[in-house]
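Written below as C-alpha cells is the structure these notes are about.
Since every read-out is calculated from the coordinates, none of them should be taken as a lab result. Since we're looking at a predicted model, the values are computed, not measured. Positions of Cβ are backbone-derived with ideal geometry, glycine not excepted, and every protein chain shown enters the neighbour counts.
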Amino acid sequence: MVKGKFITFEGIDGAGKSTHVETIAAYLRSCGKTVVTTREPGGTSLGERLRELLLHEPMHLETEALLMFASRREHIAKLIAPALERGDWVISDRFTDATFAYQGGGRQLAINKLEALEQWVHADFQPQLTLLFDVPLEVARERLDKTRSLDKFEREQQDFFGRVRNAYLQRAAQFPHRIRVIDSTQPMHEVNQQLEQLVSALDD
C-alpha cells in the first residue's frame with residue numbers, strides 16, 4: 001500500500017509551473033512532511049542522461065515517446081515508488097500527462113499508442129493530484145522569451161503549443177477528480193494560496 005502522496009505539476013512551457021514546485025515543497029515541509037522534488041524527463045541518473053537527448057537531439061516521434069516512457073519506468077522504480085513507500089510526499093515537475101500533451105497533442109502521435117505505453121509502464125499508478133498551470137499562449141511565449149536558451153520543445157511554433165494546451169485541457173476535463181486547472185495569470189501569492197489549499201486537502 002502506498003503511504004505517501006504523489007503530486008504532479010503540468011502546463012505548457014512558460015506557464016510558470018516550475019516556479020511553484022519548491023514553494024509548495026517548502027510549504028509541505030513546514031507542515032511536517034518529508035518531501036521529494038523531482039522532474040521529467042529525468043529524476044534518476046539514467047533519466048537525466050535521457051533528458052539531454054530528449055530535449056536537444058532530433059529523433060523520430062515514436063522514439064521520443066518510447067524514451068519518455070523508458071525514463072518514466074526508471075523514475076517510478078528507482079525514486080517515486082520507494083519514496084511513497086517510505087511515506088514521503090513526492091512532487092514531480094511533469095509526468096505522463098505531459099506525454100499525452102506534447103507527444104500526443106503537440107506532435108500528434110496516436111493516443112492509443114500512448115495509452116498502451118501507459119498501461120505497460122504504470123497501469124494502476126497515478127498521481128493523487130495534478131496541478132495544471134494554464135495561461136494564454138501569448139503570455140507563455142512572452143515569459144519564455146525572457147528566460148534561458150530554449151530547448152527543442154520550447155522553440156516550437158505557436159500552433160504546436162496551441163495543440164499542447166488543448167490536449168492538457170482535454171485531459172483535465174477527462175480526469176476532473178485528479179487534475180485541477182490553475183489560472184497562472186493570477187498574482188503569484190494568489191496562486192500559492194490556491195495551491196496550498198489543494199495540497200492540504202490531500203491530508204483530509
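Taking amide H as placed 1.01 Å from N in the peptide plane, the amide H of ARG39 sits under 5 Å from that of ASP93, each at least 5 places away or on another chain. Ordering ASP183, ASP88, ASP124 from the fewest to the most neighbouring beta carbons within 10 Å gives ASP124, ASP183, ASP88. Taken about its Cα centre, the chain carries a charge dipole of roughly 280 debye when the Cβ of each Lys and Arg holds +1 and the Cβ of each Asp and Glu holds -1.
Between ASN112, ASN166, ASN192, the residue with the greatest mean-square fluctuation in the GNM of the chain (Cα pairs under 10 Å linked by springs) is ASN112. Can you tell me how the stretch 84-204 classifies by the Cα gyration tensor, rounded, prolate or oblate, using a/c under 1.5 as the rounded cut? Oblate.
Only the Cβ atoms of Lys and Arg (+1) and of Asp and Glu (-1) were treated as charged; on that basis the dipole of the stretch 1-45 about its Cα centre amounts to roughly 300 debye. Take the Cα radius of gyration of the stretch 6-101 and divide it by 2.2 N^0.38 Å, with N its residue count; two decimals is plenty. The stretch 6-101 yields a ratio of 1.11.
On a straight-distance basis, which lysines could pair with LYS17 in a cross-link, Cα separation under 19 angstrom, same-chain partners fewer than 8 positions away excluded? By straight Cα distance, LYS17 reaches LYS5, LYS146, LYS152.
Simple point charges give the picture: +1 on the Cβ of Lys and Arg, -1 on the Cβ of Asp and Glu, and for the stretch 6-108 a dipole about the Cα centre of about 280 debye.
Distances between placed amide hydrogens fall under 5 Å for THR8 paired with SER92, LEU129, THR130, LEU131, all partners being 5 or more residues away or on another chain.
A straight Cα-to-Cα reach below 17 Å connects LYS113 with the aspartates and glutamates GLU62, GLU64, ASP97, residues fewer than 8 places away in its own chain not being considered.
Across ARG49, ARG72, ARG107, mean-square fluctuation computed from a Gaussian network of the chain (C-alpha pairs under 10 Å connected) peaks at ARG49.
Over the chain, dividing the summed -39,500 (n - 2.57) contributions of all DSSP H runs of at least 4 residues by the number of residues returns a 222 nm mean residue ellipticity of -15500 deg cm²/dmol.
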